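Here the structure comes first, spelled out in structure tokens, and everything after it is commentary.
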Amino acid sequence: MRKTALDGWYGYMKSHDKSALWDLLHPDAVFESPVVHTPQRGREITFKYLAGAEKVLGGPGFTYVGEWLSENGAVFEFEKEIDGIRINGVDIITFSDDGKLITHFKVMVRPLKAINLLHRLMGEQLAKG
């Protein structure tokens, strides 16, 4: 059994177990996308975006290249190449006061070509339902 949301995130990134991701998200979790203007509020939409991102970015070639931890969160820098475009970004994760759930998940991506590519691929993934 996981002890903290950080442990849970590490576990999810290894297992890709969607039920583990769902259990990790606070009911009032907020997701901030690099391409959607407004924060997406609630576990269901946060889960949908994170599960979609895992399908688009996950798998071979995805790697975390940096990690910074704080008392109530973590920042992970990631890289992935898709269609010859090198995507570089960060996941900024905030945990609940008890450290057991993810309350806020923000993704920032560079360069512009990568943002445009992710915008298209995530749009296609989210349209699938």
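The values are calculated or read from the model by the stated rules, or taken from the named source; none is laboratory data. These numbers were taken from a predicted model, which means no experiment stands behind them. A quick note on method: Cβ atoms are made from the backbone with ideal geometry, for glycine too, and the neighbour counts reach across all protein chains shown.
Annotations
- Long-range neighbours under 9 Å by Cβ, at least six apart or interchain, first residue modelled with pLDDT of 95 or more within region 27-39, second loosely packed, with under 13 Cβ neighbours inside 10 Å and assigned to a loop (DSSP other than H, G, I, E, B): Glu32/Thr38
- Cβ-Cβ under 6 Å pairs, at least 6 apart or on other chains, region 96-114 side assigned to a helix (DSSP H, G or I), far side surrounded by 13 or more Cβ atoms within 10 Å (Cβ to Cβ) and not acidic (Asp, Glu): Lys113/Ile85; Ala114/Ile85; Ala114/Ile87
- Residue list for region 1-37, filter: of a type in the set (Ser, Thr, Tyr) and part of a loop (DSSP other than H, G, I, E, B): Thr4, Ser33
- The set of residues from region 43-91 being outside any strand (DSSP E or B), without any contact (Cβ under 8 Å) to a residue 60 or more places away in the chain, under 21 Å from Pro111 (Cα atoms) and among the aromatic types (Phe, Trp, Tyr) comprises just one member, Phe62.
- Residues that are surrounded by fewer than 14 Cβ atoms within 10 Å (Cβ to Cβ), within 16 Å of Ile45 (Cβ to Cβ) and of a type in the set (A, V, I, L, M, F, W, C) within region 88-129 comprise just one, Ala127.
- When region 70-87 is filtered for residues that are farther than 16 Å from Tyr10 by Cα and either out of contact with any strand residue (DSSP E or B) (no Cβ under 8 Å at 6 or more places or on another chain) or surrounded by 15 or more Cβ atoms within 10 Å (Cβ to Cβ) (or both), the ones remaining, listed by number, are Glu71, Glu79, Lys80, Ile82, Asp83, Gly84, Ile85, Ile87.
- Of all residues in region 39-55, at least one satisfies being among the β-branched types (Val, Ile, Thr), surrounded by 13 or more Cβ atoms within 10 Å (Cβ to Cβ) and closer than 27 Å to Glu81 by Cα.
- Filter result for Thr4 (surrounded by 13 or more Cβ atoms within 10 Å (Cβ to Cβ) and closer than 20 Å to Gln125 by Cα): no
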